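Reviewing the structure listed below.
We did not get these values from a lab; they are worked out from the coordinates using the rules stated. The structure displayed is predicted, hence computed values, not measured ones. Virtual Cβ from ideal backbone geometry, glycine too; neighbours counted across all protein chains shown.
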Amino acid sequence: MDNNLSNNQAAIIGTIEDEFVFNHEIYAEKFYTCTVKVPRLSGTSDEVRIMVSERLIMDGDYKIGDTVEVTGQFRSYNSYENGDNRLVLTVFAKDITHCGDTENKNPNTLYLNGFICKKPVYRTTPFGREITDLLLAVNRSYNKSDYIPIIAWGRNARFAKNLNVGDNVKIYGRIQSRTYQKRISDEDTVTKTAYEVSINRMELVDSADKGDE
């Protein structure tokens, strides 16, 4: 298998929240985006953006409210809006299908194998929970990389805070979204959505492991 495919694997199950909107065209292939609402065990949900080729949705008759299963890769790209450059994260769909039976299926899984590209930031919340923020560079084809923000909690946070830039790690987790308020003037704020990966498990890849792959 192509290592650039096997080192980034995303799978989500959820309901389509909005219409497919044209995003871009490359080599005569059109790509569209929409939002999929992915449930959490807590009863809340994550709003995950997906990008999908026209050829994958042409015959699917997909509409708002449909439950779908999307498999692909979690990718990043820079978006320039109103003079502001921001990192956009989306699931690039390799496949999308209608999903009727969601029992016994984890609706949100992600596996990444990449490299720490920014010094980890460790902190504690006002309630004493430990958090470490990471930025992971995951190789893609054609000498490109995706830059994925990662959040580690508790025991994983204590492990992650000691990682160094350049360390190769494997991440097992889920994609999550959170809304926040950004002040744009003294009087006005705007609600934005941030996307990140919440870690369930992580492993440091040593030189011996790389030689075996």
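Details
- Selection from 181, 131, 14, by position along the positive dipole direction of the chain (Cβ): 131
- For segment 52-117: rounded, prolate or oblate by the Cα gyration tensor [a/c cutoff 1.5]: oblate
- The chain: relative contact order as a whole-number percent, Cα under 8 Å and 6+ apart: 18
- Only lysines eight or more places from residue 118 in sequence, or on another chain, were considered; those with a Cα closer than 27 Å are 144, 161, 170, 182, 192, 210.
- Sorting 21-28, 162-169 by their mean Cβ neighbour count within 10 Å, with the most densely packed peptide first, gives 162-169, 21-28.
- Rounded to the nearest 20 debye, the dipole size of the chain about its Cα centre is 920 debye, using +1 on the Cβ of Lys and Arg and -1 on the Cβ of Asp and Glu.
- For chymotrypsin sites (Phe, Trp or Tyr not before Pro), the sites in segment 133-193 that DSSP calls loop and that have at most 16 other Cβ atoms within 10 Å are 142.
- Nitroxide proxy distance, nm - points 7 Å out along Cα→Cβ at residue 194 and residue 155: 2.6
- Straight Cα distances below 24 angstrom link residue 63 to the lysines 30, 37, 94, 105, with same-chain residues fewer than 8 positions distant left out.
- Put a dot 7 Å past the Cα of residue 119, heading toward its Cβ, do the same for residue 67, and the two dots end up 4.8 nm apart.
- Difference of contour (0.36 nm per residue) and Cα-Cα distance, residue 99 to residue 164: 19.3 nm
- If you sort the three axes of the alpha carbon gyration tensor as a ≥ b ≥ c, you get a/c under 1.5 for segment 1-102, which makes it rounded.
- Pair residue 21, residue 183: separation of 7 Å Cα→Cβ label points (nm): 2.8
- Sites residue 206 and residue 144, calculated FRET efficiency, Cβ-Cβ separation with R0 25 Å, nearest 0.05: 0.45
- The longest stretch of the chain left intact once loop-based trypsin sites (Lys or Arg not before Pro) with at most 15 other Cβ atoms within 10 Å are removed from consideration, loops following DSSP, is 130-213.
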